[in-house]
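The values are calculated or read from the model by the stated rules, or taken from the named source; none is laboratory data. None of these values were measured; they are calculated from a predicted model. Cβ placement follows ideal geometry from the backbone for every residue including glycine, while neighbour counts extend to all protein chains displayed.
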Amino acid sequence: MTPSTTEKTTVLTATPEDRRVATLAAAAIGLTLAEAAIPLPIPGVKPGLANIVTLLVLYRHGWRMAAWVAGLRIVAGALALGQFLTPAFVLSLSGGVMSLVTLAWAMHLPRRWFGPVGLSVLAAFAHIGTQLMVVDLWLMPGGSLLALMPLFLTAALITGLANGLATAHLLQYGNSDKHGDSHEPKNLS
């Protein structure tokens with residue numbers, strides 16, 4: 001006698017929101033991969049172009065979807081670049097998580113002073129600050145990174161400004177005007 005097996009099939013149905021997250025994450029992953037091909041003038045300093053997608057998602061679809069897009073981008077980008085579970089992945093993940101936490105907090109600041117550019121700069125500072133802390137505590141304990149702090153903070157300011165300006169431009173002239181969407185970040189939900 002042969003044992004009888006019952007096959008059980010689970011069908012997953014993608015919702016429009018699932019498709020939107022996948023499309024936006026794919027755009028962010030594409031920017032991450034393109035950025036990896038750009039020679040870096042300063043080791044460890046990247047333009048963070050995928051953060052433009054995260055900010056656009058934050059403004060158009062809310063923090064929750066922005067977190068999904070950023071998380072998928074970090075994991076899939078690391079897998080595609082062969083960096084998954086390496087120190088580079090840990091640095092990217094820690095910086096990304098702290099940027100998202102900062103954005104969740106900063107969304108409640110007055111829009112008059114903290115629009116896309118301000119949020120981008122705050123997220124860039126959170127990202128690089130967290131990465132430097134991880135390097136100092138884990139990768140190079142006892143090594144002082146204070147001498148490099150002005151260089152990395154200046155790079156974060158420049159990239160944060162550039163990405164924030166790009167985001168503001170895309171929000172102002174993008175498809176959101178056609179749909180009547182607000183240029184305010186969506187709620188944390």
*Take the range 128-138 and flag every residue that is of a type outside the set (Ser, Thr, Tyr) and either closer than 16 Å to GLY118 by Cα or surrounded by 12 or more Cβ atoms within 10 Å (Cβ to Cβ) (or both).*
ILE128, GLY129, GLN131, LEU132, MET133, VAL134, VAL135, ASP136, TRP138
*Tell me, which residue of the range 112-157 that is of a type in the set (Val, Ile, Thr) and touching a helix residue (DSSP H, G or I) at 6+ places or on another chain (Cβ under 6 Å) is farthest from TYR59 (Cα to Cα)?*
VAL134
*Count of residues meeting criterion [surrounded by 19 or more Cβ atoms within 10 Å (Cβ to Cβ) and either within 25 Å of MET140 (Cα to Cα) or basic (Lys, Arg) (or both)] in the range 48-92*: 8
*asked:* Residue under question is THR159, and the condition is that it be free of Cβ contacts under 8 Å to residues at least 12 places away in the same chain and within 13 Å of VAL45 (Cβ to Cβ); does it hold?
replied: no
*asked:* Under 7 Å between Cβ atoms, which residue pairs at least 6 apart in sequence (or on different chains) link something in the range 23-38 that is free of Cβ contacts under 8 Å to residues at least 40 places away in the same chain and within 11 Å of ALA70 (Cα to Cα) with a partner that is in a helix (DSSP H, G or I) and among the aromatic types (Phe, Trp, Tyr)?
replied: none
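Residues checked against (1) among the basic types (Lys, Arg); (2) in contact (Cβ under 8 Å) with a residue 24 or more places away in the chain:
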| residue | (1), (2) |
| --- | --- |
| THR15 | no, no |
| LYS46 | yes, yes |
| ILE52 | no, yes |
| TRP68 | no, yes |
| SER94 | no, yes |
*Pick out the one residue from VAL121, VAL90 that is within 16 Å of the chain's Cα centre (by Cα) and more than 20 Å from VAL53 (Cα to Cα).*
VAL90
*Looking at ALA28, ALA37, ALA14, which is the one that is within 30 Å of VAL135 (Cβ to Cβ), among the small types (Gly, Ala, Ser) and loosely packed, with under 12 Cβ neighbours inside 10 Å?*
ALA37
*What helices (runs of 4 or more DSSP H) lie completely within the range 73-178 and have 1 or more residues being within 19 Å of ALA27 (Cα to Cα) and modelled with pLDDT under 90?*
149-173
